Amino acid sequence: MTIRSIGRRNRTGASVTHVLCVDDEPVVLSLMSRLLERLGCDVTTAPGPIEALALFDAERFDLVVTDIRMPGMDGHAFLAEIRARDPEIPVIVASGNASVDNAIRALRDGASGMLLKPFTGQEFQAEISAALQRTRIRRAALQYQYVTPILDGVALALTAAIEARDLETGEHCRQLGWMGERIAGLMDLSELDQTTIRIGGYLHDIGKIAIADRILLKPGPLTPDEYVEMQRHADIGGDIVSTHEAMGEIARIVRHHHEWHDGRGYPSRLGGDAIPIGARIIAVADALSAMTNDRPYRRAIALDQAWDEIVSHTGGQFDPAVVEWYATLIGTDIVAAPAETVGTTIAIRRPEPAETQIGLALPTDRPVA
């Protein structure tokens, strides 16, 4: 079974729906293109089924809108060809023939919806939005049911690979997984989103398997060149995880968990809502866990001190809304790891008063010489 995500990605990583419009009337094609562009879609047009099939074979689309009566091949035959190539893609049939028989035949052939010409802009946009929403719900359900258990196992296996190089990093990854999932649940994100964020937490540092030990395990501050090399782990990790489309949203968390709310992070200098919500959630968990556990370059600090650091960087490094959700857990039960993380240290460690910090840098970043 193939699980496809909806949309291409623009330069910020946001999803853009790609629609193929097929009609032998240029005026109708122009109208549909304008309406779809208002919905933020990327539109490709074809004057007939033959041209459309050539485009469909060469490119990837998320939705097809087609007329029924066209020269060369009628809409019913065209719909059958599309269904043979992709049984899941939504196809909206726009027809000037309002007969019941025509509508029934189109739906029997696999149409996801119908529009009667002439249609208003409001009618067109409502049908398109409804079709895309139905498809998102169906694909999300399939991904959660069939793909997520596999990804969970793969993620834990990859986390073990990280741990083989650096025990603390492996434990740290598992901590971030359950902490991020907990916050996502408090934010009332979907079950699929919660799972995606958990796996993103597991894998956020997977790119460090490509970083040399002399840098990764260095006990002191990094040189500027070493710091640039360390930053590569975000892009490397995103590339590793994005090798399968079902992990696309997870890959975005891995790639962007070091972005800053004010746009001064890395690797893409995204800011605000352009940063995936999962990456914003994991960023705070990453800082809390990193500061309250010993690292090669410094000792752990107390939870209260770590939280003060988080607060002081809110609005700059961290999303204020996400920090507010974490604030609801500080001082309650965030220090207790759930039963399923047996073998993992607690997420927030309170060191003895005699312990002191060494070379504390901004949360989650190594100090630079």
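Bear in mind these aren't lab numbers, they're just calculated from the coordinates by the rules spelled out. Since the model is a prediction, treat every value here as computed from it, not as a measurement. Glycine gets a Cβ as well: all are built from the backbone with ideal geometry, and neighbour counts include every protein chain shown.
Side notes on the structure shown:
- Spin-label pair Asp308/Asp213, simplified geometry with 7 Å Cα→Cβ offset, distance in nm: 3.8 nm
- Ranking of Val22, Val27, Val16, Val43 by neighbouring Cβ atoms within 10 Å, starting from the fewest: Val27, Val16, Val43, Val22.
- Here the dipole of region 8-132 is about 340 debye; that uses its Cα centre as origin and unit charges on the Cβ of Lys and Arg (positive) and Asp and Glu (negative).
- Semi-axes of the equivalent ellipsoid of region 166-341 are 22, 20, 17 Å, computed as sqrt(5λ) over the eigenvalues of the C-alpha gyration tensor in descending order.
- Residues Asp86 and Tyr227, FRET efficiency given R0 of 41 Å [Cβ-Cβ distance, rounded to 0.05]: 0.35
- The equivalent ellipsoid that matches the C-alpha gyration tensor of region 8-132 spans semi-axes of 21, 17, 14 angstrom, in descending order.
- For a modelled paramagnetic label at Lys117, 7 Å from Cα along Cα-to-Cβ, the residues of region 26-54 in reach, with backbone nitrogen under 14 Å, are 26-33, 46-49.
- Convex hull per residue volume in Å³, alpha carbons only, for region 189-288: 104 Å³
- Using θ = phi - 60° in the Karplus curve 6.51 cos²θ - 1.76 cosθ + 1.60, the 3J(HN,Hα) couplings for region 208-223 round to 6, 5, 9, 8, 4, 4, 4, 9, 4, 9, 4, x, x, x, 7, 6 Hz; x is entered for Gly and Pro.
- Per-residue Cβ neighbour rank within 10 angstrom, fewest leading, Phe78, Phe56: Phe56, Phe78
- Once the C-beta distance of Ser129 and Arg264 is scaled by a Förster radius of 41 Å, the resulting FRET efficiency is 0.70 to the nearest 0.05.
- Summarising the strand pairing of region 8-132, around 10 percent of its internal DSSP beta bridges are antiparallel.
- Other-chain or far-sequence residues with amide H under 5 Å of Phe318's (modelled H): His261
- Ordering Lys218, Lys208 from the fewest to the most neighbouring beta carbons within 10 Å gives Lys218, Lys208.
- Fully extending the segment from Met187 to Arg69, taken as 0.36 nm per residue of separation minus the present Cα-Cα distance, adds 37.6 nm.
- Using the Cβ-Cβ distance between Ser30 and Ser242 with R0 set to 41 Å, the FRET efficiency from 1/(1 + (r/R0)^6) comes to roughly 0.70.
- Charge dipole magnitude, Cβ of K and R +1, D and E -1 - region 166-341, Cα centre, debye nearest 20: 380 debye
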